[in-house]
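One structure is given here, and the rest of the page talks about it.
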Amino acid sequence: MAMDPDLRGNADVVLIPGARTGRDPARSIKRGPSRLPPGVVAATQRERLLDGLVHTVAQHGYQRATVSDICRAAGVTRPVFYELFSGKEDAFLAAHRHGTGVVIRRMARAFAASPDWCSGIREALRAMLGLLAGVPAFATMAVIELDAVGPAGRREREQLLVRFRAFFAEIPELPDGIGAEAMIDAVVGGVYSTLQRCIDTDRTSELPELLPTLSLFCLAPFLGPAEAARRLASAGAAPERSRGADDDPSCTRIDPVNTGQ
């Protein structure tokens, strides 16, 4: 699979933690007269620690991973770790927020570039699935090991799911008696559960294959299964068409600012 731009080292790209190893030689800190400014050194050490944490937690699990393990994987000393983080939980949450922020921003860009809501949902899912499949250590750390963090991890997940709900800000009107908020929660929760099951069974590389299923799952409660399938098939056959936004109010284009990114 081709490396996604958000996974490569690039001055214009923010990387997902775990996309590189903590001991990446390209980030070695030179000593002597040419030493980097203190702020750059601290930022580099922080990035390396986040990478080290992701790989360590993915390999050993959150409960068994130690600060010493993380520092060893990052090539950074314990005193430096404690200058940057208050402890393992603080570092874990920092890695989770940073990485999921990258994923949400990438989803929002894909969504905003799509001609209508239906294709926007599909392309946002495509971006998310590709990113998680491209950095399996982050997927394991962020989705599977989050529960091991305890209450702070559960709060983090809830905040993340709230951000996903923003992609459904302009859903079609539902029948009387059907609560839109509850329906969106059910859809978002179902997508997350599907990702969790796939990653937990060591099938992270297969996540992109879920795109047709998850796309239909996200649209069907609001359009009906047959119409959702028709919209997705039509959009896939002719992505250059801006159908939906102008032709049918049930596939309204969402203003990307509503995603809160």
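Screening the stretch 106-137 for residues that are more than 24 Å from Phe222 (Cβ to Cβ) and not small (Gly, Ala, Ser) and picking the one that is surrounded by the most Cβ atoms within 10 Å (Cβ to Cβ) gives Val135. Only one of the numbered conditions (1) closer than 17 Å to Leu160 by Cβ; (2) under 15 Å from the mean Cα position of the chain (by Cα); (3) in contact (Cβ under 8 Å) with a residue 40 or more places away in the chain is violated by Val188, and that is (3). Of the residues making up the stretch 138-165, those that are open to solvent by less than 20 Å² (accessible area, probe 1.4 Å) and assigned to a helix (DSSP H, G or I) number 11.
When the stretch 166-185 is filtered for residues that are open to solvent by 30 Å² or more (accessible area, probe 1.4 Å) and part of a helix (DSSP H, G or I), the ones remaining, listed by number, are Ala180, Glu181, Ala182, Met183, Asp185. Within the set Arg78, Arg72, Arg48, the sole residue that is modelled with pLDDT of 85 or more, among the basic types (Lys, Arg) and buried (at least 21 other Cβ atoms within 10 Å of the Cβ) turns out to be Arg48.
The values are calculated or read from the model by the stated rules, or taken from the named source; none is laboratory data. Quantities reported herein were computed from a predicted structural model and do not represent experimental measurements. Positions of Cβ are generated from backbone atoms using ideal geometry, with glycine treated the same way; all protein chains shown enter the neighbour counts. All accessible areas refer to the heavy atoms of the entire protein, side chains included, with ligands and DNA or RNA removed. Shrake-Rupley method; radii C 1.70, N 1.55, O 1.52, S 1.80 Å.
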